[in-house]
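The values are calculated or read from the model by the stated rules, or taken from the named source; none is laboratory data. What you see is a predicted model, and the numbers here were worked out from it, not measured in a lab. Cβ: placed from backbone, ideal geometry, glycine included. Neighbour counts: every protein chain shown.
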Amino acid sequence: MQIRNANPHVTVTVRHEETTDSLREYATEKIELIHLDYPKIIEARVILDVEGDRRHKAEIILFCANHIIIDASSETEDMYKSIDFTVAKIARRMRKHKTRLLKSHRPKREETIRYLDEKTTRTTS
């Protein structure tokens, strides 16, 4: 589990709607629940937007260690549902990134089956 940077700095921005404390707290809680070993989250930005036809859009941008930036967005009818879907996308992308790194550092297998030379030896008694 992630030990350092367990509580990254989270900035919540709301556009075209008035901000509520419950919405800010919900987004902050969801970001803090993402616990993966790599990449370590340094800062998180959450942008919540309501578009003209009452579509709620949530966008999350994570600034991680080693200059890694992971972002995702989703759009639904409910803001809380949008935040949930976006956090799920972010977690999936972080897992994929970690898996790619682990696969690139694996030692390559040369041969899986090795054949032994059979020597015919005769024993004399």
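Restricting attention to segment 12-65 and to residues that are among the small types (Gly, Ala, Ser) and either touching a His at 6+ places or on another chain (Cβ under 8 Å) or closer than 28 Å to residue 102 by Cα (or both), the residue that is surrounded by the most Cβ atoms within 10 Å (Cβ to Cβ) turns out to be 44.
For the structure I just gave you, tell me whether residue 89 is modelled with pLDDT under 90, part of a helix (DSSP H, G or I), closer than 26 Å to residue 7 by Cα and not polar (S, T, N, Q). So residue 89 fails the test. Those residues that are closer than 20 Å to residue 9 by Cα and either assigned to a helix (DSSP H, G or I) or hydroxyl-bearing (Ser, Thr, Tyr) (or both), I need them from segment 65-79; list them, please. Selection gives 65, 66, 67, 73. Residues considered: 32, 59. Of these, the only one that is acidic (Asp, Glu) and in contact with a Pro (Cβ under 8 Å, 6 or more places away or on another chain) is 32.
Residues that are touching a strand residue (DSSP E or B) at 6+ places or on another chain (Cβ under 8 Å), in contact (Cβ under 8 Å) with a residue 24 or more places away in the chain and over 17 Å from residue 10 (Cα atoms) within segment 29-64 comprise 50, 51, 56, 57, listed in sequence order. Do we find that residue 112 is of a type in the set (Ser, Thr, Tyr), modelled with pLDDT under 80 and out of contact with any helix residue (DSSP H, G or I) (no Cβ under 6 Å at 6 or more places or on another chain) in this structure? Yes, satisfied.
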